[in-house]
Structures are given as structure tokens and as C-alpha cells.
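Please read the structure below before turning to the comments.
The values are calculated or read from the model by the stated rules, or taken from the named source; none is laboratory data. Predicted model, so just to flag it, every value in this text is computed and none were measured. Here the Cβ positions follow ideal geometry from the backbone for every residue, glycine too, while neighbour counts run over all protein chains shown. The protein model used for the area step is the full one, side chains on, heavy atoms only, and it has no ligands, DNA or RNA in it. Shrake-Rupley method; radii C 1.70, N 1.55, O 1.52, S 1.80 Å.
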Amino acid sequence: MNYENILTSFQNGITTITINRPNKLNALNKATINELHDAFKSADADKNTKVIIVTGSGEKAFVAGADISEFADFNEAEGEELARKGQALLFDFVENLSTPVIAAVNGFALGGGLELAMACHFRVASDNAKMGLPETSLGLIPGYGGTQRLPQLVGKGRAMEIIMTAGMIDANKALSFGLVNHVTTREDLLTLCESIAGKITRNSSVAIGTAIKAINAHYKAGVNGFEVEIEAFGDSFGTEDFVEGTSAFLEKRRAEFPGE
Ligand code: COA
């Protein structure tokens, strides 16, 4: 697929996906969501990609939300379809990938932008980043998982306040809320993400994919996360990565995981 709205690059086991509509502050229109789906799917299927980083182009924004111009005349059914399709193609899709996804939040992450960052496995922000879910100021509610993932990350009361006020919080407040894991300068943002990604690439990609599944199980209604963990733990003993990891430890050498 040829992309018009995103850029992708690959280096040292890391695929970086950059949303590239800086003149629209990287707002997520339908075409961009489709391209992101394709790019995440391809990167996840690529055995050489051990970590995915997603960021925004330009100096101002990660993503300033869903593209308001695309849904301004929608009716109820179209609105529901927008949320349903978007969640399936991008937000739930990213959260459930077995390849770790880091959001490098390099500026405004608003509405669908913060929802995309929250669907990633964790977030690192630059010190100019501003985050919020401003949908209630548009007569809407968050529709790409924001009402569910924000309380998971920051707690119910803070999520209520952020959504009700439609305000923005800065990077340091997001850090203190646990919404992002680290804050650094804009210049150092990708380097820090790559350095964290580098630590991840040394470990078993099979085990990491399984850990993502077990952690996500905690947040799925009707699923017993402890049971998922027990079964997945057992399955780990049947992998080549387990054989390599334990052999390398006993032989006092660094593991070279086959990823199988
Ligand atoms: N959808 C569509 N276009 C958007 C957009 C969005 N969510 N966010 C920004 N843009 C566009 C603007 O319309 C403008 O386009 P134009 O130059 O063709 O007029 C361009 O991006 C630059 O935005 P602008 O508002 O001029 O930048 P700013 O620095 O003055 O303000 C924001 C930045 C983020 C505060 C402001 O753009 C904003 O409030 N955006 C909407 C945020 C939002 O409500 N998101 C949730 C959507 S559900």
C-alpha cells in the first residue's frame, strides 16, 4: 500500500510510523486510519520488527483528534459506525498487537490523538505535549475508547474531570497521573523511545507478545486474567525462546532469541 498520510521507517528492529498531516495537526481522517491499520498490521507481521513507535510529524502535534471536518454532518447511525469501525481498525487493533507499541507524544494529543496514544502499550511525552479529551466541548463524548482507557490509566475521578472539563493537561501533570511513563525534551523524544525500545528488543518477542495478551486480559469483561496468565505461562515452556533463554542463562551467555 502506498501511503499519503503516514511515513514509515525501519532501523535496529524498530519500525517508526509517523502520522504526516502537519498542516491539519495530524488529525485522523478516514484515509489516515486505514493507512495506520495497514502499517501496524504489516509491522506486526514483520518478524524483524520487535517494537513499533508511533509519533506525529511537525513541531506542534502528535494528533489533534479525529478530523472534525469529516463527521460534522453525520447522523446518529453514521456516528456509531465511525466509532465502531475506528475502534476495530485502529484503537483495539493496536492495543491487541503482539508487537509492543510505544506512543512518542510530541505535542498536542487531543481526542482521537490521546485515544490512539492510550491504545498504545505505553507512552513517552515531550515537555511541550498537551493532552486532553475535548469532545464534550463539541457536544460529543470520546468515541475511540477514551471513556474506557482514560480511567484505566489515571483513575475514575481524574478521567471524569478531564472529560467533563474538556481541558488539556501538560506533560508533567500527565506524568504525575501515570498517563505517560517519561517526559523529555522534544529533541530527545525519539532517542529516549528508541533507547527503551532497544532494551525490549533484547528480550523474547514471543514472551513479550504473550505478556501483552495476559496484561490486556485484566481489562476484558468476563475474562479471568489470572487464568489467562496461568495458561500462557505454561505455553511459554513450549517455545524455542524459552529453551534459548534458559540455556543462555545457565551457560552464562547472552540469549539470542529465535522469536519462535
Ligand atoms: N480536525 C480537523 N482539523 C483540525 C483538527 C481536527 N481535530 N485539529 C486541528 N485542525 C486543523 C485546523 O482546522 C487548522 O486547519 P486550517 O489551517 O486549514 O484552518 C490546522 O489544523 C491548524 O490548527 P489551528 O487550530 O489553526 O492551530 P492552533 O495552534 O491555533 O490550535 C488546537 C491548536 C489543537 C488547540 C486546535 O487546532 C484545536 O482545538 N483542534 C481541535 C481539537 C479537538 O477538538 N479534537 C477532538 C476532535 S473529536
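Quick notes on this structure:
- Rounded to whole Å, the principal axis extents of the Cα atoms in region 101-260 read 58, 42, 21, largest first.
- Where Cα atoms sit under 15 Å apart: lysine pairs in the chain separated by 8 or more or lying on different chains: 6
- Around the amide H of I53, modelled in the peptide plane, lie the amide H atoms of T15, T16, I17, I102, all under 5 Å away and 5 or more residues distant in sequence or on another chain.
- Amide proton proximity set for I6, modelled H, under 5 Å, gap of 5+: N20
- Share of carbon and sulfur in the accessible heavy-atom surface of the chain [1.4 Å probe, %]: 54
- Cα-based helix-to-principal-axis angle, 225-236 vs the chain, degrees rounded to 10: 40
- Cα gyration tensor of region 58-113 - equivalent ellipsoid semi-axes, whole Å, descending: 23, 18, 6
- Of the trypsin sites (Lys or Arg not before Pro) found in region 1-75, the ones in coil according to DSSP and having at most 13 other Cβ atoms within 10 Å of their Cβ are K47.
- Each Lys or Arg adds one and each Asp or Glu takes one away; over the other residues whose Cβ falls under 10 Å from the Cβ of A61, this sums to +3.
- Kirkwood Rh and Cα Rg combined as Rg over Rh, evaluated for region 166-214: 1.10
- Crossing angle, helix 189-201 versus the chain [Cα axis fit, 0-90 degrees, rounded to tens]: 30
- Per-residue Karplus couplings for region 151-164, computed as 6.51 cos²θ - 1.76 cosθ + 1.60 with θ equal to phi - 60°, are listed in order as x, 4, 8, 10, x, 5, x, 5, 5, 4, 5, 4, 6, 5 Hz, Gly and Pro entered as x.
- Region 162-260: trypsin sites (Lys or Arg not before Pro) falling in loop per DSSP and having at most 13 other Cβ within 10 Å: R202, K220, K252, R253, R254
- For region 1-156, a Kirkwood hydrodynamic radius built from all Cα pairs, placed in the Stokes-Einstein relation at 10 °C and 1.306 mPa s, yields a translational diffusion coefficient of 103 µm²/s.
- Taken per residue, the accessible surface of the chain reaches 52 Å², heavy atoms only and a 1.4 Å probe.
- Counting heavy atoms of the protein chains alone, E95 has an accessible area of about 40 Å² for a 1.4 Å probe.
- Within region 55-102, the chymotrypsin sites (Phe, Trp or Tyr not before Pro) that combine a DSSP coil assignment with at most 16 other C-beta atoms in a 10 angstrom radius are F74.
- Computed accessible area, L190, all protein chains, 1.4 angstrom probe, square angstrom: 70
- Phi to ³J(HN,Hα) by Karplus 6.51 cos²θ - 1.76 cosθ + 1.60 over region 26-39, Hz, x for Gly, Pro: 6, 4, 8, 8, 4, 4, 5, 4, 5, 5, 4, 4, 5, 5
- DSSP bridge orientation in the chain - percent antiparallel, rounded to nearest 5: 25
- The helix-based estimate of mean residue ellipticity at 222 nm for the chain, built from -39,500 (n - 2.57) per DSSP H run of four or more residues and divided by its residue count, is -13000 deg cm²/dmol to the nearest 500.
- Between the Cα long axis of helix 76-86 and the first principal axis of the chain there is an angle of about 30°, rounded to the nearest 10.
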